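These notes concern the structure reproduced below.
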Amino acid sequence: MPSTTGPIPKDAAAIVLLRHNTVPHDPEVFLVKRSDKLAFLGGFHAFPGGQFDPTDAEVAVENAADVELRTAISCAARELFEETQVLVARGGDALTQGQRASLLDDLQSGRMSWPALLKHYELHLDADDFTFVGRWVTPPFSARRFDTWFFLVKCPSKQNAQLSDDGELESGEWIGAGAAHTRWERSEILAVPPVLHALKTLSTGFTDDLVERFLSLPNARHEPVRRIEFRPNYICFPVRTPTKPPATHTNCYLIYTSQNLLVIDPGSPYEDEQRALATAVDKLLAEGRTLAGILLTHVHPDHVGGVNALREHLGDVRVWSHQLTAAALPDIQVDQMLEDESVLALEGEPPISLRVMHTPGHARGHLCLYDERTGTLISGDNIVGLGSVLIDPPEGNMRDYLHSLDRMRALPNLSVIFGGHGPAIANPYRKIDEYISHRLDREQKILEAVRQGSATPKDIVASVYTDVPPKAHAMAERAVLAHLEKLAADGLVSQLADENWVAEN
Ligand SMILES: [Zn+2]
């Protein structure tokens, strides 16, 4: 099997916009915050950019012989204009702010296409204004993947970046690259690896080798990222697993301090993936850390499939889980049982204290971990960044699940959720609210269907899960059963002797 599966990356481009006449030792960049409402990377800090548009390729770009580069520059310039109102085009300085605003209106309303607009106003793009600083591919653990070209661009002197009112971006600000990177180090913001790399690279200032430093990482030259540090000291290391589509990977987490390392959910049964993980663990240990242990969030094979291999590789390792998880895994030796409110302390700098939460619902012995200092929640499969959570009785229990979601919702200062699949979740409260209302909405519809005479999970799926394709109906029936069991526990329905259910009056 190839080591990269998942959706094919879409072409995209982004611009690291430098403030006009910024100080060379700590340049200011225009950093935006993506709206909490966005399904993809909502709440993340980023640079202006977006996907290629079919018309981008029609724009002539001076000094760019290569058609792909030309298209990427055209896309980057258009996205920058649309999102920040900054127009980086030769001839653009002659336009007044009002004229630029009406151009933007022409473009956004669809009255004029991007190529037609440039032509009409005798503007042209020049590759010399766009310094190529890398091409990054989203790792295959995400539902949406991009192959993104990054360009470093100086903001024209007479223009200022100002967010357009399209609802995609929540805020934007000029900030020193060093200051922005410090905000990440303090766990105040979340950003994807190429953004962090740009901030870090720029924070050392405009050296002669600036572009080389940008391109020094293999990841900046198209090699997919394996170690993703959305938050300092929390490495997300997705490994390929036989998991539930659309997911193709399970996130293993490596939580480290200067002295300790904790491994969570080494789930891959595949040798190449186990080797890649072992190498990443070895590297962290070689830097002088000791392994605290391996922790299992829950019993499912895509979360525990690599435990024995990693243990064999490392030798003497302690494995931790809830006792219900341990009891269901006869092939894995669990050394220490964790309960609700247990605390795991990682010594060293920064000291990390993880509060264990027993959060059944998806699985009986499911554990989550909460780091109160930074508001970081490791949520296992209770909340995921990709796909949906299956509640499959008897291991799954909808009543327990909703109670677990309520407990997570009540955490006082949640700032990020690291789920078992997909990217980090930077809008945690909104996400949990969506989860809860989605379930309650389904529950209401199921209750209504039973009241209208649908008696079996099969009948109920046919009338309620109209948005789900037939091939997923078997799984939907399991979810319906979980809802029916909860409704029965709430006294609203009851089961007859067979598979039939009736409403209580
Ligand atoms: Zn699971």
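The values are calculated or read from the model by the stated rules, or taken from the named source; none is laboratory data. These numbers were taken from a predicted model, which means no experiment stands behind them. Positions of Cβ are backbone-derived with ideal geometry, glycine not excepted, and every protein chain shown enters the neighbour counts. For accessibility, only protein heavy atoms count, side chains too; no ligands or nucleic acids. Shrake-Rupley method; radii C 1.70, N 1.55, O 1.52, S 1.80 Å.
What Kirkwood Rh does the stretch 99-170 have if only Cα atoms enter the pairwise 1/r average? Answer in Å. About 15.3 Å for the stretch 99-170. One equal scatterer on each Cα of the chain, no solvent, Debye formula: the resulting log10 I(q)/I(0) at q = 0.07, 0.10, 0.12 Å⁻¹ is -0.45, -0.85, -1.11.
Rounded to the nearest 10 degrees, the inclination of helix 271-286 to the longest alpha-carbon principal axis of the chain is 70 degrees.
Solvent-free Debye calculation, one equal scatterer per alpha-carbon of the stretch 128-269: log10 I(q)/I(0) at 0.19 Å⁻¹ equals -1.34.
What the Cβ-Cβ distance of Asp209 and Thr131 gives, at R0 = 22 Å and to the nearest 0.05, is a FRET efficiency of 0.95. With distances taken between every two different alpha-carbon atoms, the stretch 191-326 has a Kirkwood hydrodynamic radius of 16.3 Å. Farthest toward the positive end of the dipole of the chain, out of Leu123, Ala424, Pro139, is the Cα of Ala424, where the dipole comes from beta carbon charges about the Cα centre. Summary value for the chain: 12 percent relative contact order, contacts being C-alpha pairs under 8 angstrom separated by 6+ residues. Rounded to the nearest 20, the Cβ-based charge dipole of the stretch 141-205 about its Cα centre (Lys and Arg +1, Asp and Glu -1) stands at 320 debye. The stretch 260-339: percent of C-alpha pairs farther apart than 17 Å? Roughly 40 percent, rounded to a whole number. The protection proxy used here, the mean number of other Cβ atoms lying within 10 Å of each residue, ranks peptides 393-403, 324-334 as follows, highest first: 393-403, 324-334. The alpha carbon radius of gyration of the stretch 365-443, expressed as a multiple of 2.2 N^0.38 Å, is 1.03. Measuring nothing but alpha carbons in the stretch 289-423 and taking Rh as the Kirkwood radius, the Rg to Rh ratio lands at 0.95.
Only protein atoms count toward the accessible area here, which uses a 1.4 Å probe; on the stretch 121-191, the carbon and sulfur part of that area reaches 42 percent. Distance check, please: which entries in Lys10/Lys158; Lys119/Lys154; Lys10/Lys37; Lys37/Lys486 exceed 27 angstrom between their Cα atoms? Violating the 27 Å Cα-Cα cut-off are Lys10/Lys158; Lys37/Lys486. In the stretch 365-505, the portion of solvent-accessible area held by carbon and sulfur atoms comes to 50 percent [1.4 Å probe, whole percent, DNA, RNA and ligands not counted]. Cross-link reach is defined here as a Cα-Cα straight distance under 20 Å, omitting same-chain residues fewer than 8 places apart; for Lys283 none of the lysines meet it.
Bridging of Lys33 to aspartates and glutamates at a Cα separation below 19 Å is possible for Glu79, Glu82, Glu83, Asp165, Asp166, Glu168, Glu170, Glu173, Glu185, Glu188, Glu229, once same-chain residues fewer than 8 apart are set aside. Solvent-accessible surface of the chain, taken per residue with a 1.4 Å probe and all protein chains present: 43 Å². Of the peptides 213-225, 292-304, the ranking by mean beta-carbon count within 10 Å, highest at the top, reads 292-304, 213-225.
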